[in-house]
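Below: the structure, in structure tokens.
The values are calculated or read from the model by the stated rules, or taken from the named source; none is laboratory data. Since the structure is predicted, the reported quantities are computational estimates derived from the model, not experimental observations. A quick note on method: Cβ atoms are made from the backbone with ideal geometry, for glycine too, and the neighbour counts reach across all protein chains shown. Ligands, DNA and RNA are stripped out before the accessible areas are found, and what is left, the full protein with its side chains, is counted by its heavy atoms. Shrake-Rupley method; radii C 1.70, N 1.55, O 1.52, S 1.80 Å.
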Amino acid sequence: MHELSVAISIVQSVNDARRDYPDETIVAVNVRVGALSGVVPEALRFAWAPATQGSALDGTALNVEFIPAAADCRTCQATVELPGQRLVCPICQSRTPRLVRGRELEILSLEFQPQPESRHAS
């Protein structure tokens, strides 16, 4: 399962970004995974716990946004969502080589634990 190595890479990237927020606690990492990225969202979620174990991200949530593949069909001029892994237009059945989405594998955002507001006595 290569999703473990993907999860470890996400952890490393988040830890690098975390240096800008040393006093903040990250509670969730939000990622986007395309249907043709080669990453199975369920396997990535499963790999998250072992990838974060013992790190500053141990116990954080991994939220995965799945992006279906879509292509611009040059034959019927439609932008179509592609079912499964087939690069064929579901409308006109022509091959659709111009993908417009579905290869994404990116970190979208980090969610931080709200810090309690400090109250100063006047």
Out of the range 16-32, which residues are in a helix (DSSP H, G or I) and over 13 Å from Phe112 (Cα atoms)? Asp16
Looking at the range 84-97, can you tell me whether even one residue there is closer than 30 Å to Asn15 by Cβ and of a type outside the set (Ser, Thr, Tyr)? no
Please name all residue pairs, on different chains or six or more residues apart, with Cβ atoms under 9 Å, provided the first residue is in the range 77-103 and is more than 15 Å from Gly34 (Cβ to Cβ) and open to solvent by less than 90 Å² (accessible area, probe 1.4 Å) and the second residue is of a type in the set (Lys, Arg) and not in a loop (DSSP other than H, G, I, E, B). Val88/Arg95; Cys89/Arg95
Okay, strands (runs of 3 or more DSSP E) sitting entirely in the range 33-122 with 1 or more residues that are touching a Leu at 6+ places or on another chain (Cβ under 6 Å) and basic (Lys, Arg), I get none
Neighbours by Cβ (under 6 Å, 6+ apart or cross-chain): first from the range 26-48, within 16 Å of Arg101 (Cα to Cα); second aliphatic (A, V, I, L, M) and part of a loop (DSSP other than H, G, I, E, B): Val33/Val39; Ala35/Ala69; Leu36/Ala69
Right, Val29: β-branched (Val, Ile, Thr), open to solvent by 60 Å² or more (accessible area, probe 1.4 Å) and out of contact with any Lys or Arg (no Cβ under 8 Å at 6 or more places or on another chain) or not? no
List the number of the failed condition for Val6; all other conditions in (1) assigned to a helix (DSSP H, G or I); (2) free of Cβ contacts under 8 Å to residues at least 40 places away in the same chain; (3) under 12 Å from the mean Cα position of the chain (by Cα) hold. (2)
